[in-house]
1. Somewhere in the stretch 293-302, is a residue surrounded by 15 or more Cβ atoms within 10 Å (Cβ to Cβ) and not in a helix (DSSP H, G or I)?
2. Any residue at all in the stretch 275-285 that's in contact with a Phe, Trp or Tyr (Cβ under 9 Å, 6 or more places away or on another chain), among the charged types (D, E, K, R) and at pLDDT 95 or above?
3. All but one of (1) open to solvent by less than 10 Å² (accessible area, probe 1.4 Å); (2) over 26 Å from R152 (Cα atoms) hold for W311, so report the exception by its number.
4. Assess whether E239 counts as being modelled with pLDDT of 95 or more and among the charged types (D, E, K, R).
5. Check whether at least one residue in the stretch 173-187 is without any contact (Cβ under 8 Å) to a residue 12 or more places away in the chain, open to solvent by 20 Å² or more (accessible area, probe 1.4 Å) and farther than 19 Å from L341 by Cβ, and report yes or no.
6. Report the residue count in the stretch 325-361 for those that are open to solvent by less than 60 Å² (accessible area, probe 1.4 Å) and either in contact with a Gly (Cβ under 8 Å, 6 or more places away or on another chain) or part of a helix (DSSP H, G or I) (or both).
7. Can you report the number of residues in the stretch 157-172 which are open to solvent by 20 Å² or more (accessible area, probe 1.4 Å) and under 16 Å from Y325 (Cβ atoms)?
Amino acid sequence: MASGATASDGTASDKTASDGTPSNHTVSDATASDSMASDTTASDGITSDGRISDLSTIQAAASSRLYRYPCSHHRTLTAWLLPVSFVPFRAAMQTNHFMVDGCCKKGSRNALQELYNPLQSDLSGAATLHQARRDQVVDACRTYSASSRKRRVLTPGDLKHLVVDEDHELIYCYVPKVACTNWKRVMMVLTSRGKYTDPMKIPSNEAHIPSNLKTLNQYSISEINHRLKNYLKFLFVREPFERLVSAYRNKFTLKYNSSFHKRFGTRIIRRYRKNATQDALVNGDDVKFKEFIEYLVDPATQKDGPLNEHWQTVYQLCHPCHIHYDMVGKYETLEDDSNYLLELVGVGNFLRFPSYAKSTRTTDIMTAQFFSNISSQQQIQVYQLYKMDFHMFNYSIPSYLRLD
């Protein structure tokens, strides 16, 4: 486990350099430092504690200078601000274990170059779509930064959801209830160097064994920053309330999830159910959706610590205002977005994302039914909890919500 932290400002614009790569592809390149920083503003528009007071000064300031980012326990991070017009890429050809001989000759472009400056005409339309999605995230981060005084830096512990593929230079932030089992299977195929070839032949429980995939928090600070700078980073998102209902159905209505019943169900029933039976208090296996929502919006829950990953916000799981994601895939266009990414990586002729035809999938109609029994006050509270995910990933406020 690495120690220390990484820092960034999530408000930089998503411009493209002359070589087709994004000028702010990385958010920071940090190493630890032990001195304190004062909160005065330098003449270049960047405060001495590393905060950017004027976004227009980024380009002027980012030549060859060091700035400090504050962190807890009287430690700071020294961040190297890259020149805006240049982000380094590895020139070496990437090893591709899945393609036929002769397809990936020396000089092949990597996934980042193909994403930001596609030479294949059939990928251009998708590139435009994903640029718009990145812009939406940047705009949401800028709005949040302007309205909030909360500032923080990331520690390696915040990076445990970021799965690393060294061979193809990918970083995937997995979000539970957004096809993460199948994406972990695909990542196992990509990283196995031939051990696995068919994602669907990997048992689902094996895809969730931590030792089968390496995560970014297992690297040193310098290694973390190198990968954040040079690897293609992606995540998949879903309409927030559909994801929430899906998590509830999976963890609280299926008998085999007894660990969740014991850990969360018993607590929820004890707090929010009047005259609960002894059986319910002991087993916690019949939590109602209304009780689950009460649990989520209760201030006491926030004091208990971070939400479980299955209903934690994407904003808190993947930190998109600190880490610049190159691609934001959506559950609603899962196969298209996934196979587009595999094409960028260069394995599209060999590896396709598993088709998804699950009949029990949580739908918008089903989600509306679940929320119909929730009071307007609690609907407002739970919307506020997931508001950043709605805004950041361009999901409209559901028509069934009563927010007035």
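The values are calculated or read from the model by the stated rules, or taken from the named source; none is laboratory data. For clarity, every value in this text was computed on a predicted model and none was experimentally measured. Quick reminder, even Gly has a Cβ in these numbers, built from the backbone with ideal geometry, and neighbours come from all protein chains shown. Remember, those area values only see protein heavy atoms, side chains included, never the ligands or the DNA or RNA. Shrake-Rupley method; radii C 1.70, N 1.55, O 1.52, S 1.80 Å.
1. Checking the stretch 293-302: at least one residue is surrounded by 15 or more Cβ atoms within 10 Å (Cβ to Cβ) and not in a helix (DSSP H, G or I).
2. The answer is no; no qualifying residue exists.
3. The one condition W311 does not meet is (2).
4. Judged against the criteria, E239 is a match.
5. No.
6. 11
7. 1
A quick yes/no check of all residues on (1) of a type in the set (G, A, S); (2) open to solvent by 30 Å² or more (accessible area, probe 1.4 Å); (3) at pLDDT 75 or above; (4) closer than 18 Å to H391 by Cβ:
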{"site": "R90", "(1), (2), (3), (4)": "no, yes, no, no"}
{"site": "T95", "(1), (2), (3), (4)": "no, yes, no, no"}
{"site": "K105", "(1), (2), (3), (4)": "no, yes, no, no"}
{"site": "L112", "(1), (2), (3), (4)": "no, no, yes, no"}
{"site": "D122", "(1), (2), (3), (4)": "no, yes, no, no"}
{"site": "G125", "(1), (2), (3), (4)": "yes, yes, yes, no"}
{"site": "Q136", "(1), (2), (3), (4)": "no, yes, yes, yes"}
{"site": "C141", "(1), (2), (3), (4)": "no, no, yes, yes"}
